Amino acid sequence: MTSAAPRTTLEAIKIERGLTWRDVARSVERASATAGGRSVTLSEDHARRLGTRALGDVQPTPAIARALESAFGHPVVALLGPHDPAATVPAGRPSYQEALTMAAEKARHLALNMPGIDDYSLLEEELRDLARAYPVQALPELINPLVTLQDAVHQAILSPRRPGDAAQLFSIGAVTGGILAKASHDLGDPRAAVTQARTALILAEQAGNTTVAAWLNGLMALIAYWDGRSQESLRYVERGLATNAVNSATLWLESSGARAWARLGNEEQATQSIHRADEIAESMEPTDLDGLGGILTFTDARAAYYAADALSWLPNHPESVGAAQEAVDAYADDTRDTWAFGDAAGARCDQAIIRIANGEVEGAAESIAPVLELPRDLRIGGVVKSVQRVGDAVDAASDGKATDELRGQIDAFVARPLTMRP
C-alpha cells in the first residue's frame, strides 16, 4: 500500500531520516539548548500537529520556530509549508545549512559571554550588514537573521550579568526592532509593526539615544502614512522633530511631513515641508546611523523620491513633473550605494500618476513597466500600494485601449503580493 504524500517539508524530512514525531520533538528541544538560547519544550503530539498541518496556518511560538530552523536547517515557513522535494536531505545526513547555522549560533553565544567583553561590536556589525541588505535584497532572505539578531539582543538585555555598554546594547535593540517593524509593515502586518516600533522606542529612550528615537518616529510616520492615517503620520513627524537636530533622521521626518500634508490636500504645507527638507539636506550632520547605512540613513535620493511622492498627490503642482523625473533619475543606476528597489519602484509609480493626470496614459505605462516586472519576493507593501495608487489614477482617467491594458497589468500585479506564507 502506498503511503500518503508528506503534507509538509518537515514531515518529508522526518520520513526520509526515519524519525518518529517524538524524535522530531527531542531534536527541536536539543537544538534550542545547543544554540545557547532559551530552552523550549515541545510535546510529541504538538510536533505531529505542526508537521501534518493539523493546526492549519497556526504558527509556532517564535522560540519553537527558531529551534525548528536550527534543528532542520530551513526557514520555518518552508518546514511547515507544502512539501518541497528540494528542501529534504538524505536520511541521517544533516544539511550543510543546518550545521553551519548551529555553528554560527554557538560562536555568537561564546563571543557575547566571554569574560571581559566591553562592547557589542559583533551585534553592531550584524546590524550594519542587515541594514545595508534591506533596501536591495528580497525580504524573505532577511527575516530569520533579523529575528535571530533581535533574540540575541533581548537575551543580553535580560541577562542578570549583562556586560558591556548598556546604552550601546539598547540602541542596537531599538534599531533592530525598528527594522523588524519595517519588515512587518512590508508584509502587511501593521499590528506587529506598531508593536515592534513602540518597543523599539522604549529601548531608544532607555539608551538616551535621541537620533534613534527620531529615526523610529520617522518609521512610525511611514507606517501611518501607508495605512492612510495622515494626521497620525504628522504627529509622529512633530514628535521626531522636537529634538531640533539637523541630520538624516530629521530629513526623513520633514520629507514624511511633506507627503502626509500633500495626501491631506494641503499644498502650502506640503511645499513648505519640501523646502525645509532641502535646507536640512544642505546642512545636516552625520550620525552613527549614517555610518551603519542602508535603511538607517535617509539619502538625497530618498528625499527626491519623497518629494515626488508628495507631489503625486498634487499632480497639477508646477514642480510635479520635474520632481518625478528627478526621483526616477536618482534611482536609475542600481549599482549605487543609495539604490533601493522599493524607492525606485515608488518613484516610477509617482511619475506614472503624474503622467496620467496630464493625459499621458502610454507614458505612464512606460514609467511603471519595470515595476510590474518585479518578482513576487520584491512586492513589499509599499510597492504594492504605490502600484494600487497608479490603478486608482487609471480608474479616474478616460477609457481607452491603453487604459484597459494598464488596468489589467496592475490588477495582475497586486493580486500576488509578497507574503511569508507558502
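Structure above, values below:
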read-out	value
Condition broken by Ala332, with the remaining ones in (1) in contact (Cβ under 8 Å) with a residue 40 or more places away in the chain; (2) outside any helix (DSSP H, G or I); (3) among the hydrophobic types (A, V, I, L, M, F, W, C) satisfied	(1)
Unique residue being closer than 22 Å to Leu127 by Cβ and charged (D, E, K, R) when the list is Glu232, Glu205	Glu205
Residue that is nearest to Ala310 (Cα to Cα) [pool: residues in the range 275-292 that are in a helix (DSSP H, G or I) and either open to solvent by 80 Å² or more (accessible area, probe 1.4 Å) or out of contact with any Leu (no Cβ under 9 Å at 6 or more places or on another chain) (or both)]	His275
Hits in the range 316-342 (condition: surrounded by fewer than 17 Cβ atoms within 10 Å (Cβ to Cβ), under 16 Å from Arg355 (Cα atoms) and touching a Ser or Thr at 6+ places or on another chain (Cβ under 9 Å))	Glu319
Residue match in the range 174-187 (condition: out of contact with any His (no Cβ under 7 Å at 6 or more places or on another chain) and not in a helix (DSSP H, G or I))	yes
Exclusive hit being within 24 Å of Ala181 (Cβ to Cβ), among the aliphatic types (A, V, I, L, M) and free of Cβ contacts under 8 Å to residues at least 60 places away in the same chain, set Leu374, Leu406	Leu374
Residue selected from the range 281-327 under the condition among the acidic types (Asp, Glu) and closer than 20 Å to Leu264 by Cβ, by the criterion modelled with the lowest pLDDT	Glu319
Residues of the range 238-251 that turn out to be part of a helix (DSSP H, G or I), open to solvent by less than 60 Å² (accessible area, probe 1.4 Å) and not β-branched (Val, Ile, Thr), as a count	5
Residue selected from the range 172-201 under the condition closer than 18 Å to Leu123 by Cα and β-branched (Val, Ile, Thr), by the criterion nearest to the chain's Cα centre (by Cα)	Ile179
Positions within the range 377-396 being open to solvent by 20 Å² or more (accessible area, probe 1.4 Å) and either over 24 Å from Ala224 (Cα atoms) or without any contact (Cβ under 8 Å) to a residue 12 or more places away in the chain (or both), in sequence order	Asp392, Asp395, Ala396
Qualifying residue in the range 252-263 (condition: closer than 16 Å to Asp309 by Cα and open to solvent by 40 Å² or more (accessible area, probe 1.4 Å))	yes
Scan of the range 207-237 for residues that are of a type outside the set (A, V, I, L, M), assigned to a helix (DSSP H, G or I) and over 25 Å from Gly188 (Cα atoms), ordered by number	Thr210, Thr211
Members of the range 1-30 found to be assigned to a loop (DSSP other than H, G, I, E, B), of a type in the set (Ser, Thr, Tyr) and open to solvent by less than 60 Å² (accessible area, probe 1.4 Å), listed by number	Thr8
Residue under evaluation Asn209, criteria (1) without any contact (Cβ under 8 Å) to a residue 60 or more places away in the chain; (2) touching a His at 6+ places or on another chain (Cβ under 9 Å), criterion not met	(2)
Residue within the range 217-224 that is more than 17 Å from Ala260 (Cβ to Cβ) and either aliphatic (A, V, I, L, M) or crowded, with 24+ Cβ neighbours inside 10 Å (or both) present	no
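Every residue, every condition in (1) closer than 21 Å to His74 by Cβ; (2) in contact (Cβ under 8 Å) with a residue 12 or more places away in the chain; (3) among the charged types (D, E, K, R); (4) open to solvent by 20 Å² or more (accessible area, probe 1.4 Å), yes or no:
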{"site": "Pro135", "(1), (2), (3), (4)": "no, yes, no, yes"}
{"site": "Gln150", "(1), (2), (3), (4)": "yes, yes, no, yes"}
{"site": "Ala156", "(1), (2), (3), (4)": "no, yes, no, no"}
{"site": "Ala167", "(1), (2), (3), (4)": "no, yes, no, yes"}
{"site": "Ala183", "(1), (2), (3), (4)": "yes, yes, no, no"}
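The values are calculated or read from the model by the stated rules, or taken from the named source; none is laboratory data. Since the model is a prediction, treat every value here as computed from it, not as a measurement. Neighbour counts are summed over all protein chains in view; Cβ atoms, including those assigned to glycine, are modelled from backbone coordinates with ideal geometry. To get the accessible areas, we keep the full protein, side chains included, count just its heavy atoms, and leave off ligands, DNA and RNA. Shrake-Rupley method; radii C 1.70, N 1.55, O 1.52, S 1.80 Å.
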